[in-house]
Amino acid sequence: MNFLKKLIFNFFLFCSSHLISQNLTDRIYTKEGDSLQCKITSVEKNWIYYDHQTKKGIKNNYIPMSDIRFYVRDHTKYKPHEEDPKPVIEPRMDHNRGPKDTINTVYLDHSNNKISCRILLSTNQAWKEQHLRYQLDVIDTAGKEKTVYPNEISGFWLQGIFYKSFSILSNKKIIHFFSKQEIAGNVDLYSYRGDLLNGDNVYIFKKQSEKAYNFVNENPKTVATIGSYATLMPDGSTSAVSIVAFNDELPYLNYFQNYFSDCKAVFLKFNSKWYTADSIKAAFTDYNNCH
């Protein structure tokens, strides 16, 4: 009986693996002579995103375009940058923000589905950075232009960098914004540089063991009025938080030393004054390497 169960299990495992491999019909050839069977999900200016088979199942990854000799997508061979989006220089002006470029990428809906699209970005760097905090102007696969707001998706990728959606409740008003991912791992670090959170640059971070995100002013030498906020949780509940601000480097470093105290190596580095306020992101990287 056990032999029969094992035989049936192996049969279904073989069938599912065969069906998965049938979908991985693309191939990437690197400059080092390697090749990777995969399903290419998105082609950007400097990156290719793809799904590939691992021992733990299908995983998504990406590779720099500079490492690629050529790739085959949907049975068609392409050289690197052959599918690069061409700049869209339009005669119309978007509130005096100037012409826009288009970049192929994907965004993540609330069901964690990756949706292919083209992001429209102002060619003016200052407008581009400000625009990305509040909304996305995209062209979907049907060629329709639309605006996507942070509360409508979970985040998006742009040139290999993930921007996460956040929703904050402040004074009975919900604030939605995108925040750039700086570091990912056992502790995730995001940065927000805008005018919604007391007008200051803010680090937003959370360990895997924590339920809510922490908010700390990026610059300890500038103290803004500490705001009272609540983060909106996936189940609709709220978790009260406030932006922690410091007017000096020492209490700023002491805060993070206490936060990372469960990693002895990082804790000792704080004791030996290894980190400064300007290099605090290194503590996040070291903490992720500690676990």
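The values are calculated or read from the model by the stated rules, or taken from the named source; none is laboratory data. Predicted model, so just to flag it, every value in this text is computed and none were measured. Cβ: placed from backbone, ideal geometry, glycine included. Neighbour counts: every protein chain shown.
Some values worked out for this structure:
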| item | result |
| --- | --- |
| Residues (in a strand (DSSP E or B), surrounded by fewer than 11 Cβ atoms within 10 Å (Cβ to Cβ) and at pLDDT 80 or above) located in the stretch 41-93 | Thr54, Thr76 |
| Those residues of the stretch 185-211 which are among the small types (Gly, Ala, Ser) and modelled with pLDDT of 85 or more, in sequence order | Gly185, Ser191, Ser209 |
| Breaking point among (1) modelled with pLDDT of 90 or more; (2) more than 22 Å from the chain's Cα centre (by Cα); (3) more than 24 Å from Lys273 (Cβ to Cβ), for Tyr252 | (3) |
| Output for the stretch 281-290, where each listed residue is within 20 Å of the chain's Cα centre (by Cα) and surrounded by 15 or more Cβ atoms within 10 Å (Cβ to Cβ) | Lys281, Ala282, Ala283, Phe284, Thr285, Asp286, Tyr287, Asn288 |
| Selection status of Ala265, modelled with pLDDT of 85 or more, surrounded by fewer than 16 Cβ atoms within 10 Å (Cβ to Cβ) and over 25 Å from Ile153 (Cβ atoms) | yes |
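Quick grid of which residues meet (1) surrounded by fewer than 17 Cβ atoms within 10 Å (Cβ to Cβ); (2) at pLDDT 90 or above; (3) in a strand (DSSP E or B):
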position	(1), (2), (3)
Val138	no, no, yes
Ala142	yes, no, no
Thr147	yes, no, yes
Phe156	no, yes, yes
Leu169	no, no, yes
